[in-house]
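**Student:** A single structure is presented below for examination.
A short reminder: the numbers here are calculations on the coordinates, not readings from a lab. Here the structure is a predicted model, which means the values were calculated and not measured. Here Cβ is always computed from backbone atoms with ideal geometry, including for glycine, and neighbour counts include all displayed protein chains.
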Amino acid sequence: SDGGSVTGEAPMIADANYKADPQPDRVSKAQDIRAALNSEQSSVVDARPAARFFADVPEPRAGLKSGHMPGAHNLPFGALLNDDGTMRAADEIAALFTGAGADLKHPITTTCGSGVTAAVLSLALETIGHRRHSLYDGSWAHWGDEGNAERDFPVTAGKGRR
């Protein structure tokens, strides 16, 4: 539509070496989540749809409890996207995180059902310049496992806490 050329051929791309820059402090484990949930100086934000977060509907995977981590906040990842799939403007993103209950002055840990859509929240945080964030890659698939002891992996349901 902008007048550029279009081709159906695959481009030839030269081989190159990529050097990864692992950042282990950007990946949270269960013990990090426990600490964050018990701290006034951090927030845990869950990207799952509200109906799953609040246990209004069952989890789609067998063997998972319904609900959320006590003290976690809910910001469904789709809220961060425009209708065309692009990321919302920075001021809108900041308002969405704040509106969900996250404190942008402190570290934020993102989580979701399996560690995938939490990355959308992490990308949104990068977009607004919030660099103190990590992603719980185990997410609800780990925390909400029916085999986990409640004392180690507490779960709550309903809208009593965001």
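**Student:** For segment 90-162, what's the radius of gyration and Dmax over Cα atoms, in angstrom?
**Tutor:** 13.6, 41
**Student:** Straight distance only, please: which lysines reach the Cα of LYS19 with their own Cα at less than 27 Å, same-chain residues fewer than 8 apart left out?
**Tutor:** Output for LYS19: LYS29.
**Student:** Same structure again: If the only charges are +1 at each Lys and Arg Cβ and -1 at each Asp and Glu Cβ, what is the size of the charge dipole of segment 54-162 around the Cα centre, to the nearest 20 debye? Mind dumping the intermediate values first?
**Tutor:** Numbers: 10 positive and 13 negative charges, 68 e Å.
It comes to approximately 320 debye.
**Student:** Just name one of GLY67, PRO22, THR98: the one whose Cα is farthest towards the positive end of the charge dipole of segment 1-145 (beta-carbon charges, Lys/Arg +1, Asp/Glu -1).
**Tutor:** GLY67
**Student:** Select from SER39, ALA141, MET12 the residue farthest towards the positive end of the dipole of the chain; place +1 on Cβ of Lys and Arg, -1 on Cβ of Asp and Glu, and compute about the Cα centre.
**Tutor:** Of the options given, the answer is SER39.
**Student:** Now for a separate question. Any chance you could give the angle, 0 to 90 degrees and rounded to 10, that helix 90-100 forms with the longest Cα principal axis of the chain?
**Tutor:** Tilt relative to the chain: about 20 degrees.
**Student:** Still on this model: Place +1 on the Cβ of every Lys and Arg and -1 on the Cβ of every Asp and Glu in the chain, take the dipole about the Cα centre, and give the residue among GLY78, CYS112, ALA89 whose Cα lies farthest towards its positive end.
**Tutor:** Toward the positive end, the furthest listed residue is CYS112.
**Student:** Ok, one more. Binning at 10 angstrom from zero up to the longest distance, how are the C-alpha pair distances of the chain distributed in percent?
**Tutor:** Values per bin, smallest distances first: 10, 37, 29, 14, 8, 2, 0.
**Student:** May I ask you to list the trypsin sites (Lys or Arg not before Pro) in segment 56-115 that are in a DSSP loop and have at most 14 other Cβ atoms within 10 Å of their Cβ? Walk me through the intermediate numbers first.
**Tutor:** Values: sites: ARG61, LYS65, ARG88, LYS105; in loops: ARG61, LYS65, ARG88, LYS105.
Filter output for segment 56-115: ARG61, LYS105.
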